[in-house]
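In what follows, a structure is listed as structure tokens, so that the remarks can point back to it.
The values are calculated or read from the model by the stated rules, or taken from the named source; none is laboratory data. As the structure is a computational prediction, the values presented were derived from the model and not from experiment. Note: ideal-geometry Cβ built from the backbone for every residue, glycine included; neighbour counts use all protein chains shown. Just the protein is used for accessible areas: all its heavy atoms, side chains included, with ligands, DNA and RNA removed. Shrake-Rupley method; radii C 1.70, N 1.55, O 1.52, S 1.80 Å.
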Amino acid sequence: MITNGINFKNFLINKKSKQITIILNHILNKKNQVIQSLSSNYKDSFNIKILNKYKKFKNFRVIGIGGSSLGTEAIYNFLRKKIKKNFSFINDLDFTTENKKDKNCLNLIVSKSGETLETIVNSNLIINKKDKNLVITENKDNYLHKLAKKLKAEVIHHNNFIGGRYSVLSEVGMLPAELMGLKPASFRQLNQIIKNKTFLNSLVNNVGSIVSLINRKKFNCIFLNYDPDLTNFLEWYKQLMGESLGKNNKTYFG
């Protein structure tokens, strides 16, 4: 047994993909809300018609940290050749004053809890009274809700059943994608790719390789990136892995 509650018994690399498809379809049919967010069945909490009024903007700032911005930044940088909008990302405390000079700019302020200190600090330092703002946060009484009311900004609700690190295919990543001119339906493909034999065979081989390595006490995972377009994707991946595995007295180095 590798993890509590997960057992691998007689795992074969050449297992027929049909059996894997049945298992994955069963997971989808259970209507698990998190899994649904990966498929085309997910319903965003924002109204496209209302969002259209913000598409006139050319410049956007995403103010967030960790899962609130890294996934969106990965999408933007990987597909930037197709995107005609300008996005900047304020995801640490080391920004320059140039970020405050953008005119006709829409701020996207993102924090699931609405209490993330770095996001609050950056919002207070960067936002001008004349700026237009959109806030993405949980539907509860938190700092960002109060800030949105003060700024007369619209609030898009971050579904509380989706953890911040897994939120790229929810409102957190797909609202900015919509503003980039991209289609969320093109990203949420889980219910389609489970029908793809190439994907299923890769999935089975990948799990088999992981099981084999763990059985041989090989626990390190190293990525060597030679494609600049994937840099931000791997930054998001590091955060996803680090926040998921670097707990319970375990150490994770990105």
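Contact map, region 72-99: residues that are acidic (Asp, Glu) paired with residues that are at pLDDT 95 or above and open to solvent by 50 Å² or more (accessible area, probe 1.4 Å), Cβ distance under 8 Å, separation 6+ or inter-chain. No pairs are found. The single condition among (1) at pLDDT 85 or above; (2) open to solvent by 80 Å² or more (accessible area, probe 1.4 Å) that ASN160 does not meet is (1).
ILE120 falls short of the stated requirement of being in a strand (DSSP E or B) and of a type in the set (A, V, I, L, M, F, W, C).
Would you confirm, using the coordinates I've provided, whether LYS112 is more than 23 Å from VAL168 (Cα to Cα) and in a loop (DSSP other than H, G, I, E, B)?
Criteria not met by LYS112.
Being of a type in the set (S, T, N, Q), part of a helix (DSSP H, G or I), in contact (Cβ under 8 Å) with a residue 24 or more places away in the chain and more than 28 Å from LYS55 (Cβ to Cβ) is a property that ASN206 lacks. Go through (1) small (Gly, Ala, Ser); (2) assigned to a helix (DSSP H, G or I); (3) closer than 25 Å to GLY181 by Cβ one by one and return the number of the condition SER88 breaks. It is condition (2) that SER88 fails. Mind listing whichever residues of region 196-220 are surrounded by fewer than 15 Cβ atoms within 10 Å (Cβ to Cβ) and under 30 Å from ARG80 (Cβ atoms)? Result: ASN196, THR198, SER202, ASN206. I'm checking my understanding of the structure. Among residues of region 187-198 that are without any contact (Cβ under 8 Å) to a residue 12 or more places away in the chain and either more than 21 Å from the chain's Cα centre (by Cα) or part of a loop (DSSP other than H, G, I, E, B) (or both), which one is farthest from VAL34 (Cα to Cα)? Across region 187-198, the extreme among qualifying residues is THR198. Give the residue that is surrounded by the most Cβ atoms within 10 Å (Cβ to Cβ), with candidates limited to residues of region 224-247 that are modelled with pLDDT of 80 or more and of a type in the set (A, V, I, L, M, F, W, C). Looking at the filtered set, the residue picked out is TRP236. Out of the residues in region 28-42 that are free of Cβ contacts under 8 Å to residues at least 60 places away in the same chain and either basic (Lys, Arg) or part of a helix (DSSP H, G or I) (or both), state the one that is least open to solvent (accessible area, probe 1.4 Å). By that ranking, first place goes to GLN36.
Report, by residue number, each residue of region 128-142 that is in a loop (DSSP other than H, G, I, E, B) and under 23 Å from MET174 (Cβ atoms). Full working, then the answer.
The initial filter retains those residues of region 128-142 that are in a loop (DSSP other than H, G, I, E, B), namely 128-131, 138-142.
Answer for region 128-142, where residues must be in a loop (DSSP other than H, G, I, E, B) and under 23 Å from MET174 (Cβ atoms): ASP131, GLU138, ASN139, LYS140, ASN142.
Taking region 43-68 as the search range and keeping residues that are buried (at least 21 other Cβ atoms within 10 Å of the Cβ) and not small (Gly, Ala, Ser), which one is farthest from MET241 (Cα to Cα)? Restricting to residues being buried (at least 21 other Cβ atoms within 10 Å of the Cβ) and not small (Gly, Ala, Ser), the top hit is PHE60. Taking region 169-186 as the range and being without any contact (Cβ under 8 Å) to a residue 24 or more places away in the chain and outside any helix (DSSP H, G or I) as the test, only LYS183 passes.
Looking only at residues of region 134-157 that are open to solvent by less than 10 Å² (accessible area, probe 1.4 Å) and not β-branched (Val, Ile, Thr), we find that the one that is nearest to the chain's Cα centre (by Cα) is LEU134.
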